[in-house]
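Step one of this worksheet: look at the structure below.
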Ligand code: LLP
């Protein structure tokens with residue numbers, strides 16, 4: 001049996017296993033819907049990134065997990081244990097990381113509109129790097145750092161003008177983007193030049209992120225070239241030396257059979273080669289490389305387990321299979337038309353000969369998880385798993401229709417461990433007055 005992720009298999013009972021654990025046992029123990037994540041796979045991805053930087057760039061870099069993909073205290077602990085850094089984009093993500101005692105100097109704070117409170121919180125807790133998105137923020141970070149008598153390391157978010165062939169909503173490197181400073185207009189250079197006058201900012205370097213779910217190394221190499229040329233321009237025109245180049249995240253993963261991701265270390269290899277070659281050619285210092293993978297670390301490691309509550313055949317149209325979750329725990333179809341694969345955990349060894357539309361339980365016609373899922377004959381009570389849901393599912397979940405968020409379970413070495421409790425109805429009304 002071939003699945004989209006290599007940590008999935010079928011056991012002698014004909015059940016789906018994830019990281020060697022029988023999904024039917026997890027269903028029985030924790031109920032549905034349930035997010036299940038494979039810790040061993042997550043750790044192995046984190047190590048791949050770390051080791052690739054050692055192998056191809058003499059360790060002169062740091063991978064920072066983009067916590068927006070999956071942010072819990074447990075995950076922050078895993079990242080810290082594997083020696084990586086963390087990218088946070090809000091006070092809430094930062095709070096989660098600090099609550100897990102994540103080393104603050106390895107945290108990088110992003111965002112196009114960080115509030116004054118968030119910046120004060122971050123600087124007060126000695127966050128390693130703040131990514132400056134706009135000129136107001138440059139002033140504000142300088143002020144807050146000055147009030148606290150600190151000097152804050154900053155890097156600047158640049159729009160390198162790269163078209164990365166991905167969904168419009170997750171494409172960020174082009175000029176028409178709310179993130180960062182434009183190169184073409186000279187905006188980026190004048191912003192960087194200003195840093196010299198700011199006594200409480202320490203210029204470290206540049207950042208760019210060209211998009212997400214990208215399957216090709218070329219746009220990353222192109223971005224690296226553009227950024228290195230800018231590093232040279234900064235040196236020539238301002239005398240500033242760029243110590244760090246953060247090339248963002250965006251590496252693609254397999255959601256459906258036709259997706260063809262490349263090995264994660266290949267991105268680092270290609271980018272490392274490009275940056276070194278450009279540094280030599282342009283006569284600038286080889287910068288420390290930072291990368292921010294999110295999806296590729298966690299997406300393939302996660303599945304969501306549901307129970308089928310009804311099967312509705314509409315003759316000559318389609319057959320809907322409705323599960324006990326949906327857009328509240330996975331809004332990616334309704335937001336991006338995202339594609340997924342599914343398996344019936346209790347019939348995982350059976351041939352997938354029927355086509356169904358897997359729908360959620362929300363009061364919304366667009367609440368679909370998979371438009372055309374290939375499955376064995378589905379019956380009420382079956383256990384349906386949507387695969388590759390480890391990124392941007394739990395982190396984007398909502399309480400729409402007042403549906404409590406599912407629990408999250410980690411499996412490792414054949415054992416399971418609850419890492420986030422299932423929300424209760426009481427949780428839903430906790431803040432209602
Ligand atoms: N760094 C920055 C500055 C980013 O904006 C992002 C993603 C990442 C790193 C991580 O990218 P990744 O390696 O995960 O592709 N909610 C969307 C994805 C939005 C990504 C936003 N930024 C989805 O569900 O597909």
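Of the helices (runs of 4 or more DSSP H) lying entirely inside segment 1-111, those containing at least 1 residues that are modelled with pLDDT of 95 or more and closer than 26 Å to residue 254 by Cβ span 23-30, 39-57, 73-81.
The set of residues in segment 61-77 being farther than 23 Å from residue 398 by Cα and within 13 Å of the ligand (Cβ to nearest atom) consists of 63, 64. Look through segment 324-347, keep the residues that are within 12 Å of the ligand (Cβ to nearest atom), assigned to a loop (DSSP other than H, G, I, E, B) and touching a strand residue (DSSP E or B) at 6+ places or on another chain (Cβ under 9 Å), and return whichever of them is nearest to residue 400 (Cα to Cα). Across segment 324-347, the extreme among qualifying residues is 330. Being assigned to a helix (DSSP H, G or I), touching a residue at least 12 places away in the same chain (Cβ under 8 Å), in contact with a helix residue (DSSP H, G or I) (Cβ under 8 Å, 6 or more places away or on another chain) and within 27 Å of residue 8 (Cβ to Cβ) is a property that residue 265 has. Restrict the check to segment 269-287 and report whether at least one residue is within 16 Å of the ligand (Cβ to nearest atom), touching a strand residue (DSSP E or B) at 6+ places or on another chain (Cβ under 6 Å) and not in a loop (DSSP other than H, G, I, E, B). The answer is no, given that none of the residues of segment 269-287 is within 16 Å of the ligand (Cβ to nearest atom), touching a strand residue (DSSP E or B) at 6+ places or on another chain (Cβ under 6 Å) and not in a loop (DSSP other than H, G, I, E, B).
If you check residue 308 against the conditions, is it away from the ligand (no atom under 16 Å from the Cβ), assigned by TED's automatic domain parsing to the domain that holds residue 345 and buried (at least 24 other Cβ atoms within 10 Å of the Cβ)? Outline the logic, then answer.
Values: away from the ligand (no atom under 16 Å from the Cβ): yes; assigned by TED's automatic domain parsing to the domain that holds residue 345: yes; buried (at least 24 other Cβ atoms within 10 Å of the Cβ): no.
Judged against the criteria, residue 308 is not a match.
Give all pairs with beta carbons closer than 6 Å in which a residue from segment 111-122 that is in contact (Cβ under 8 Å) with a residue 40 or more places away in the chain meets a residue that is in a loop (DSSP other than H, G, I, E, B) and crowded, with 18+ Cβ neighbours inside 10 Å; count only pairs at least 6 apart in sequence or on separate chains. Note: pairs meeting the criteria are 112/133; 112/179.
If you check residue 293 against the conditions, is it within 14 Å of the ligand (Cβ to nearest atom), within 18 Å of residue 244 (Cα to Cα) and not in a helix (DSSP H, G or I)? Spelling it out, residue 293 is indeed within 14 Å of the ligand (Cβ to nearest atom), within 18 Å of residue 244 (Cα to Cα) and not in a helix (DSSP H, G or I).
The values are calculated or read from the model by the stated rules, or taken from the named source; none is laboratory data. Keep in mind that what you see is a predicted model, and the values were worked out from it rather than measured. Neighbour counts run over all protein chains shown; Cβ positions are idealised from the backbone, glycine included.
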